[in-house]
Amino acid sequence: MRAHGIALFVFVVFTSTLSTTVQSAKQVFFYNDVTGESRWDDPDGLTTYSDDEGKEFWVDPNTGESTYEPRTKWSSHDSEDTGVKYFYNEETKESTWDRPEELAWRRIEQDDDDNDSL
């Protein structure tokens with residue numbers, strides 16, 4: 001009888017842990033705020049991440065290495081006059097208040113249950 005109680009306890013703990021693991025499973029996808037495009041793979045490492053201080057960095061999806069050097073010719077800056085963020089293209093010398101398509105990718109986590117919505 002005692003062995004039966006231990007086996008039941010182990011089963012309950014195992015299924016409880018399994019249930020928690022299944023419920024917390026997440027899928028990651030990437031969304032572009034400018035184009036509205038969504039995809040499962042990181043678009044050429046163009047997704048920006050933020051460190052604890054809010055500084056943007058990029059991760060190479062092939063190597064996993066991160067860098068603060070933009071993976072595009074566009075960079076973001078805060079206007080000295082207004083403090084509003086603007087974007088500057090080092091190659092074309094263009095500046096704009098609107099986030100360029102290349103910098104509009106973001107990483108989104110969702111529950112596995114929500115996969116049908118993509």
Proximal lysines relative to LYS93, as straight alpha-carbon distance under 30 Å, when same-chain residues fewer than 8 apart are discounted:
LYS55, LYS73, LYS85
Just to confirm a number: summing +1 for Lys and Arg and -1 for Asp and Glu over residues other than TRP58 whose beta-carbon lies under 9 angstrom from that of TRP58, what do you get?
-2
Between rounded, prolate and oblate, where does segment 26-111 land on the alpha carbon gyration tensor, with a ≥ b ≥ c its root eigenvalues, rounded for a/c under 1.5, else prolate if a/b exceeds b/c?
prolate
For GLU90 and TRP40 in the same chain, what is the full-extension length gain: residue separation times 0.36 nm, less their Cα-Cα distance, in nm?
15.1 nm
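Every number in this text was worked out from the coordinates using simple rules, so none of it is lab data. What you see is a predicted model; the values in this text were computed from it and never measured. No Cβ is skipped: glycine too gets one built from the backbone with ideal geometry, and neighbour counts run over all protein chains shown.
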